[in-house]
Amino acid sequence: MKTISFISNKLVLSVFSFSLISLTVFAQKYPKIQELSLRAPENIKIDGKLTEWDGKLQAYSNADRVFYTISNDDNKLYLTVQTYGPHANDKILSGGITFIVSHYSDRKGRLKSPDNVSITYPLLYSNNIASMITGNVLYAELKKDSVKNRGKMDSLVMAMNKQAMRASREIQVSGINEITDPLISIYNTYGIQAMGQFNNHLYYTYELAIPLKYLGLSANDAAKFSYNIKLNGSPESAIPIFTADAGPVSAANTGNIIAVSERIASPNFDYEYENSITDFWGEYILAKKP
């Protein structure tokens, strides 16, 4: 039987306080809302990696703790999101990201318009959520001595990505007349693509592509539209209080499992962030081919 390792509240508070200060300084270099229209790279691939972006996105939402970029080509609209920290990982794994496109710019119109298109991904079952949240905590413990534990950290990331691939196979869709089933496969025939993967720092990268025809948009039209990026979080009851060996996390042979209850004992604002909806609105004009 594996032993349970406990992290002192004082240590957790110090680590997260330092992380938040570092993140605040780093994020000041980015606008809160993307300011420019942007053509997608010609080599863009929906694979959960930032290769085509050279690792840099366009804006950072402090309330949501994510970086993001919206881009387009002549046929599709793309959303790329990357987390910065384990709590954002937990939140996205628990409730997914909902991306809404609206043709209205006023608050009332964009909130209630019946022709809004909404896409939610990833959609995970509770056992997968618990296992991957455990992986987040274990990675943080291993990272305390990253030189010694580099092999275990890499194995853990690989295991979590395999689990994410197996578990994140559906996309929730609403507002598209041609799609009547609210859940479609990631291997659908509509051209809607979604993928999420962890990098070697355990930051989660989410990528989404939607054909413009389903959004009522054309790259030849300079009409402005609104978008909403929402991190749904999880109801408090869905967060596991303890963990057991399960799935790829135990298969990675990475050592002791850290009690998720200790994460819950960390600062309340992190816990509240994980278990509440945070979102923001922006506006975008499709970028024309130069």
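The values are calculated or read from the model by the stated rules, or taken from the named source; none is laboratory data. Please read these numbers as outputs of a predicted model, since none were measured by experiment. FYI the Cβ positions are ideal-geometry reconstructions off the backbone, even for glycines, and counts take in every protein chain you see. The area values use the complete protein model at the heavy-atom level, side chains included, leaving out ligands, DNA and RNA. Shrake-Rupley method; radii C 1.70, N 1.55, O 1.52, S 1.80 Å.
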> When only residues in segment 95-115 that are at pLDDT 95 or above and among the polar types (S, T, N, Q) count, which is farthest from residue 229 (Cα to Cα)?
Replying inline: 102
> For residue 94, are the conditions met, namely being open to solvent by 10 Å² or more (accessible area, probe 1.4 Å), farther than 22 Å from residue 279 by Cα, outside any loop (DSSP other than H, G, I, E, B) and of a type in the set (Ser, Thr, Tyr)?
Replying inline: no
> So which of 56, 112 is basic (Lys, Arg), in contact with a Leu (Cβ under 9 Å, 6 or more places away or on another chain), over 22 Å from residue 274 (Cβ atoms) and surrounded by fewer than 20 Cβ atoms within 10 Å (Cβ to Cβ)?
Replying inline: 56
> Tell me, which residue of segment 59-91 that is of a type in the set (Ser, Thr, Tyr) and in contact (Cβ under 8 Å) with a residue 40 or more places away in the chain is surrounded by the most Cβ atoms within 10 Å (Cβ to Cβ)?
Replying inline: 83
>> If a residue must be touching a residue at least 12 places away in the same chain (Cβ under 8 Å) and open to solvent by 50 Å² or more (accessible area, probe 1.4 Å), how many such residues does segment 189-202 contain?
In response: 3
> Just checking, which of 126, 118, 105 is open to solvent by 50 Å² or more (accessible area, probe 1.4 Å) and touching a strand residue (DSSP E or B) at 6+ places or on another chain (Cβ under 9 Å)?
Replying inline: 105
> With respect to residue 164, is the statement that it is part of a helix (DSSP H, G or I), under 26 Å from residue 277 (Cβ atoms) and touching a residue at least 40 places away in the same chain (Cβ under 8 Å) true?
Replying inline: yes
